[in-house]
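Structure first, then comments.
Values quoted throughout were computed directly from the atomic coordinates according to the rules given, and no laboratory measurement underlies them. Remember, it's a predicted structure, so these values are computed and weren't measured experimentally. Cβ sites come from the backbone with ideal geometry, for glycine too, and all protein chains shown count toward neighbours.
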Amino acid sequence: MRLVILGGSGAGKSTQAQELCRYFDIPLISDGEILPDAMAQSAAPPATSVSFNNLGCLSHSHLEMGELVSDKIMIELIQTRLKKPDFDRGWVLEGYPRTAFEAEELDFLLDNLGHNLDWAIYLQVPQAVMVSRSLGRSLPDDQPEIVQRRVEIFYDRTIPILEYYDRRRRLLTINGDQFPEVVHHNIVTLLSTPE
């Protein structure tokens, strides 16, 4: 099973991604882990992939300047991760793709690896709920104006991604404004239903 989890800040992506990994016994690929891993490896002696170290250095310089890591660097980081043997059986990808361009590049990459994406799962949550959940987490960067901006950026970027996967009949839209166990049950039920 190869799945992408889409949703705004506070939509429950991490929770559902972890539950699906446990349910299907497949690894999680999270952009929140890939970037720190790459940057940590770039600071360490080059015992692993040299290209991963180089990408980590590039990522670090982008983040230090307060910029988003570019599509190109993210695509290469994801590609490095997907080529590892333990990801052959399947995976859940959380926090990526962030743009329609990255969604298309992911499909090209999977094609080259001889794999297909099974589903892009969109956790649909009302804007007000996303904001209140994010503010309730008490994380340092969860300030009202930052959260609001994050939600606006999410809508700008996500609509084209949803359209991209919908055209390919790979999109599952789930009501994310429910108890986490209900959301998980609904996802698993839909994934188990023959096309």
Which ³J(HN,Hα) values, rounded to whole Hz and listed in residue order, are derived for segment 126-135 from phi using the Karplus coefficients 6.51, -1.76 and 1.60 in 6.51 cos²θ - 1.76 cosθ + 1.60 with θ = phi - 60°, glycine and proline given as x?
-> x, 3, 4, 5, 4, 5, 5, 5, 5, 5
Using a cut-off of 23 Å between alpha-carbon atoms, which lysines can reach K72, once sequence neighbours fewer than 8 places away in the same chain are excluded?
-> K83, K84
How big is the charge dipole of segment 148-195 about its Cα centre, in debye rounded to the nearest 20, if each Lys and Arg gets +1 on its Cβ and each Asp and Glu gets -1 on its Cβ?
-> 240 debye
Per-peptide average of other Cβ atoms within 10 Å, ordering 181-188, 120-127 highest first = 120-127, 181-188
In whole angstrom, the spacing between the Cα centers of segment 78-92 and segment 112-152 equals 24 Å
